[in-house]
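Taking it in order: structure first as structure tokens, then the write-up.
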Amino acid sequence: MANRAFEVARLPGFRTIALTAFVLLYLPIITLVIYSFNAGQSVAVWEGFSLDWYAKAWENEAVKGATYRSLIIAATASAIATTVATMAALGTTRRKAFKGQTAIYVMINQPLMVPEIVTAVALLIFFASIKVATGYTGLWYLIIAHAAFCVPFAYLPIRARLEGMDLTLETAAGDLYASHWQTFRYVTLPLMLPGIIAGAMLAFVISLDDVVITEFVKSGGQDTLPTYMLGQMRRAITPEVNAISTVLLALTVALLTAFFLLTRKNDK
Amino acid sequence: MTTIPTAVEAKSIVKAFGQGAVAIKALDNVSIEIKQGEFFTLLGPSGCGKTTLLRLIAGFDTPTSGKILLNGDDITHLPPNKRPVNTVFQSYALFPHLTVAENIGFGLQMQGRPKAEVTESVARMLALVQLEPMANRKTSQLSGGQQQRVALARALAPTPKVLLLDEPLSALDLKLRKEMQIELKRLQQETGITFVFVTHDQEEALTMSDRIAVMSAGHVQQIGTPRDIYTRPANRFVASFIGETNFLSGQSDGTSVTLANGARLPMSAPQGRVNLTIRPEQLRVVPLGTEGAMPAHVASTVYFGTDTHLHLHLEGGIDIVARQQSPAQGGEAMKEGTPVGVLFAEGALLALED
Ligand SMILES: Nc1ncnc2c1ncn2[C@@H]1O[C@H](COP(=O)(O)OP(=O)(O)O)[C@@H](O)[C@H]1O
Ligand SMILES: [Mg+2]
């Protein structure tokens, strides 16, 4: 092993830098979680263990409403985004390179590249004129906005799954008397399902977490959990925010772990 | 053979890929008739168009011109799922999300056969390929040979009129390949289904086939039984692709041929310069001076186990290889430089069209 590859881990000071990075990443989150169990009013002074803030958050009508909206929006938007992404992935993979392929990839992935604040302002103006014209002020503006920026997150794992798929399998299905629809139903769809589920979960998490676009697009009384928390921050901060954050964190970690497990299975 | 009806007929098939000047003719005016119940082999080097022809018969592609007939019906433009033809893919293409039994039953299920019939048929197929204990395994848990048998059972389950096999044994190691050759032959005889088998291995083609079509560069060079093709190759390509052979040239006067060493051998061939071929095992190496033998000397010997190849040097600059059984134990191999005589077996020297 005379000619070993360059290993960053062998550089002097690597351990210190890595350790600092981890501490900076996780210490605040750990602190946040710990203080969600604080008995007192402060998010900085420990006064003993209690679950009061969880109970308070649970009983808070505003939190309940925001949670409900967050879940409705995330569920509906990720369902729409996943459907669109599935069709986009089917249309853009498993064929020879075609004219305008890159352009289409860029367009599908646009929300990853355009600054979120720009999209937010654009949507605000766009929806404002629709609101004036139709008088509709319901949740669908938020759902559609979320669906739009969730598409690329759903698209990427589905596309990855499809690209790893052997096209001969579909030829074989056709050879064994399956119609186009049967081939899709009994071969293509089951094989791409892990990708679809992974994409849907990623889209769900992304939607659940969104602040900027939601803040701009929402009408009065349409706070989601993140925008509600942002609103709370402007007043006195209590460990109630920590409690809500901890629950969100747990949910996100659970979904992302499932996502990781599903996409890892793809490699086999 | 003349009374057996035709299963598959390819009529003047041309298949070109690409447009205009860059177009490649993968098949150039190919016509083949395959009889019902026949084990028919497409044999040729890689890139000669075997897979392309198989894909046209399966319906995965349509010819640029020409027709494909199945039992006399024109199926040229019928989609694959409407053709009673199944394929064993080179990569097996087993469905990874289904069990062995589900894979085998897939075709019948897509045809909408009743559940009881599917179950019964799958059980029969599992028995036929001796995979009953594997019925509920995922296909990824099987060995290469077992996957091969699942692919076969899956393609045979809907009892197609014709089974297409694209180099099905090429991924297996030698021992398993020999076993599967026997197994395939048995399956074909038991089911009576017409097999169209693709290989680039001439030995495999010779041992398994009822008839062989030798292909090269998009053309059919010769169609015939293994014996026909080996003993009466139509041209230089076939002679050199199937087995080993010697090429000579001679001058023909219509009833006899004169070789470069001056030997005159009686045979009928068109007058003028002719290309000749003779198989190494058709040469007899005898003591010098034997009646009718051409003088030669041994240039080198190559030992192959059962056989030994003698590279011989004849007068007039003729180099030729003779195959002999290796001498019995204790026997002496012939030494280089030994003067010998060479006899051609009667009728073994063939004139080739070029
Ligand atoms: N889809 C295709 N597009 C372009 N050329 C092709 C295509 N399929 C086959 N060919 C060409 O046709 C010729 C015959 O190929 P193939 O039938 O696969 O040969 P074989 O199976 O005998 O090895 C090759 O030159 C190959 O490059
Ligand atoms: Mg091939």
query = So, with +1 on the Cβ of K and R and -1 on the Cβ of D and E, and no other charges, what is the size of the charge dipole of the stretch A:61-265 about its Cα centre, to the nearest 20 debye?
reply = 260
key: Inter-part distance where the stretch B:267-340 and the stretch A:177-226 are each reduced to a Cα centre, Å   = 76
ask   = Given C-alpha coordinates of the stretch A:155-245, what is the ratio Rg to Rh with the Kirkwood estimate of Rh?
value = 1.30
Charge sum, other residues only, whose C-beta stays under 9 Å from B:Val14's C-beta, Lys/Arg counted +1 and Asp/Glu -1 = +1
ask   = Which residues of the stretch A:156-181 show a drop of at least 10 Å² in accessible area when all protein chains are present, compared with their chain alone (probe radius 1.4 Å, heavy atoms only, ligands and nucleic acids excluded)?
value = A:Asp166, A:Thr168, A:Leu169, A:Thr171, A:Ala172, A:Ala173, A:Gly174, A:Asp175, A:Leu176, A:Tyr177, A:Ala178, A:Ser179
ask   = How many angstrom separate the Cα center of the stretch A:1-62 from the Cα center of the stretch A:120-143?
value = 38
note = FRET efficiency (A:Val211, B:Val14; Cβ distance; R0 51 Å; to 0.05) is 0.20
key: Share of Cα-Cα pairs in the stretch B:6-237 lying beyond 26 Å, as whole percent   = 37
query = For B:Gln111 and B:Asp173, what is the calculated FRET efficiency with R₀ set at 41 Å and r taken between the beta-carbons, to the nearest 0.05?
reply = 0.70
ask   = Computed over the Cα atoms of the stretch A:76-235, what is the ratio Rg over Rh, Rh following Kirkwood?
value = 1.08
Mean separation of Cα contacts under 8 Å, 6 or more apart, over the residue count of chain A: relative contact order % = 30
message = Placing unit charges on C-beta atoms (Lys and Arg positive, Asp and Glu negative, everything else neutral), compute the dipole magnitude of the protein assembly as shown about its Cα centre in debye, rounded to 20.
response = 1180
key: Projected label distance in nm at A:Tyr105 and A:Ile30, using a 7 Å step from Cα toward the beta-carbon   = 4.1
query = What is the projected area of the convex hull of the Cα atoms of the protein assembly as shown, averaged over all directions, in nm²?
reply = 47.2
remark   = So, relative contact order of the stretch B:244-352 in percent, Cα under 8 Å, 6 or more apart, is 30
message = Just to be sure I understand the model, the point goes 7 Å from the Cα along the line to the Cβ. What's the resulting A:Phe126 to A:Ala55 distance in nm?
response = 4.7
For chain A: span of alpha carbons on each principal axis (Å, largest first) = 72, 70, 33
note = Over all pairs of different Cα atoms in the stretch B:244-352, the reciprocal of the mean inverse distance gives a Kirkwood radius in Å of 14.4
task = Evaluate the distance, in nm, between pseudo-label points positioned 7 Å from the Cα of A:Ile144 and of A:Gln41 along their respective Cα→Cβ axes.
result = 4.5
task = At a 1.4 Å probe radius, which order do A:Tyr35, A:Tyr68, A:Tyr155 fall into by accessible area, largest first?
result = A:Tyr68, A:Tyr35, A:Tyr155
request  = Assuming R0 = 25 Å, can you tell me the calculated FRET efficiency for the pair A:Ala75 and A:Val118, based on Cβ-Cβ distance, to the nearest 0.05?
outcome  = 0.40
note = In whole angstrom, the spacing between the Cα centers of the stretch B:115-143 and the stretch B:24-99 equals 26
request  = Please state the charge dipole magnitude for the stretch B:244-352, taken about the Cα centre, from unit charges on C-beta atoms (+1 on K and R, -1 on D and E), reported in debye and rounded to the nearest 20.
outcome  = 140
task = Whenever you get a sec, line up B:Thr6, A:Thr93, A:Thr83 from highest to lowest accessible area (probe 1.4 Å, protein heavy atoms).
result = A:Thr83, B:Thr6, A:Thr93
query = Extension gain B:Ala345-B:Gln325, at 0.36 nm per residue separation less the Cα-Cα distance, in nm?
reply = 5.6 nm
ask   = What relative contact order, as a whole-number percentage, does the stretch B:1-74 give when Cα pairs under 8 Å and 6 or more residues apart are counted?
value = 43
key: Charge dipole (the protein assembly as shown, unit charges on Cβ, about Cα centre) - positive-most of B:Val196, A:Ala79, A:Gln222   = A:Gln222
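The values are calculated or read from the model by the stated rules, or taken from the named source; none is laboratory data. Quick caveat, the model's predicted, so the values are computed rather than measured. Quick reminder, even Gly has a Cβ in these numbers, built from the backbone with ideal geometry, and neighbours come from all protein chains shown. Remember, those area values only see protein heavy atoms, side chains included, never the ligands or the DNA or RNA. Shrake-Rupley method; radii C 1.70, N 1.55, O 1.52, S 1.80 Å.
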